[in-house]
Each structure stands twice: as C-alpha cells, then as structure tokens.
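Throughout, read-outs are computed from the coordinates displayed, never taken from laboratory work. Being a predicted model, the structure only gives us computed values, none of them experimental. Here the Cβ positions follow ideal geometry from the backbone for every residue, glycine too, while neighbour counts run over all protein chains shown.
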Amino acid sequence: MATEGNNLSQYDKDTIPNAKDFRFGIVVSEWNDEITEGLFQGAFDAFIENNVKKENIVRWNVPGSFELIYGCKKLQESFEMLDAIIAVGSVIQGETKHFDFVCEGVTQGIKDLNIQGDIPVIFCVLTDNNIEQSRARSGGKHGNKGTEAAIAAIKMAQLRKDAKFYKG
Ligand SMILES: Nc1c(NC[C@H](O)[C@H](O)[C@H](O)CO)[nH]c(=O)[nH]c1=O
Ligand SMILES: CC(=O)[C@@H](O)COP(=O)(O)O
C-alpha cells in the first residue's frame, strides 16, 4: 500500500498498548534537518499522546543517515533500559549514485542492529526523490512517518516485553 492517498499519522488509540512505563531513544540525523526535525516532532508528539513521560525519551543527534547505524548501536549499548529506539533520517536523491549506497547501507545496518541487538530499532528513514516528497511525509499532506515510527516503537516495545514474560 503506497503512502499516496493515505495519511501516516492516523491511528486508533484503542489499538495501541499502554506506553506509560516505556522508555524510548530517538537518534536524529542532521542532514536535511528541515525534514528530520519534522519527523522527530511527529514521533515525540505521538509518544506524549500515548502517555510516554518526557523524561523517558532520550534524543541523540548524528551528522547523517549513514551515522544512524553507529549512533543506534551505541544507544543500545549505553542505555540498556530502553524499550525501543527510532532511527530518524532523510535521504534525498542527488546527482550521483551516492543516494543508493547511503540508503542501502542504512537499511542493512539498521536491519543488522535488530538481529544482533536486544532493543528494537525502528526504521524512520525517508528515501525520497525530491524534497517535496520528504515534506509531504514529515508533517505534510501524507502525514508524518515519525508518528508512524512512534506507534511501531510502542508496539515493538510491548512485543519485547511479552516475549521476556513468556521466556520466563
Ligand atoms: N546525501 C545525504 C546524506 N549523506 C551523508 C551520509 O549520510 C553520511 O553522513 C556521509 O556519507 C559521511 O559518512 N545523508 C543523509 O542523511 N541524507 C542525504 O540526503
Ligand atoms: C544522498 C546523497 O548523498 C546525495 O544527496 C548527495 O548528492 P549528490 O549525489 O549530488 O552528491
């Protein structure tokens, strides 16, 4: 289902687990900060709307989306009490193939963190053809993928909690 024609910020609060005791990390890329700040705000606001305490949200910044891999890895290691982490980035096609390598590298790196680490890392990295697409997905006509990422983070935090319970 494409984003076009859908609003990423709409969700049914009744279907979201109780997040009041969860702790979250958000690692934010500084590249295209007009976009990443919008994504961060969407995620932060969604956490607050779902009863996450402000003091339970940790934010780290990194230079670019490729550094999200290392930043999220160090957050996993340094803040073992976190229940989930969101990686926030905005990659926009330029003149060269660099876009392809950054996008693939970040995708694979965050995938690896979910395999190797115990804290889920949510992929909130826009990979757009132009800034208009990015604006539309970070608080514009298509809503905010940051909101979508926060809801995913809450759901994965609950899944991780349930898994620990059943493991005994
Ligand atoms: N072009 C974009 C980049 N490029 C920078 C890389 O992410 C990385 O910081 C650099 O290669 C040094 O390791 N980053 C974005 O987040 N968005 C872009 O559009
Ligand atoms: C994703 C990128 O690194 C890209 O925006 C850089 O632009 P260019 O390919 O023109 O060097």
Problem set entry | Complete set of residues in the stretch 47-68 that are among the hydrophobic types (A, V, I, L, M, F, W, C) and more than 12 Å from the chain's Cα centre (by Cα) | Ile48, Val52, Ile57, Val58, Trp60, Val62, Phe66
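To keep it simple, each residue is scored yes or no on (1) in contact (Cβ under 8 Å) with a residue 40 or more places away in the chain; (2) within 27 Å of Asp162 (Cβ to Cβ).
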{"residue": "Asp14", "(1), (2)": "no, yes"}
{"residue": "Phe24", "(1), (2)": "yes, yes"}
{"residue": "Phe44", "(1), (2)": "yes, yes"}
{"residue": "Lys53", "(1), (2)": "no, yes"}
{"residue": "Asp100", "(1), (2)": "no, no"}
{"residue": "Ile110", "(1), (2)": "yes, yes"}
{"residue": "Asn114", "(1), (2)": "no, yes"}
Exercise. If you go through the stretch 67-85 one residue at a time, do you hit one that is more than 15 Å from ligand 1 (Cβ to nearest atom), touching a Leu at 6+ places or on another chain (Cβ under 9 Å) and in contact (Cβ under 8 Å) with a residue 60 or more places away in the chain?
Worked result: yes
For this session: Determine, yes or no, whether Gly109 is within 12 Å of ligand 1 (Cβ to nearest atom), part of a helix (DSSP H, G or I) and not β-branched (Val, Ile, Thr).
Result: yes
For this session: Tell me which residues, restricted to the stretch 12-66, are basic (Lys, Arg) and assigned to a strand (DSSP E or B).
Result: Arg59
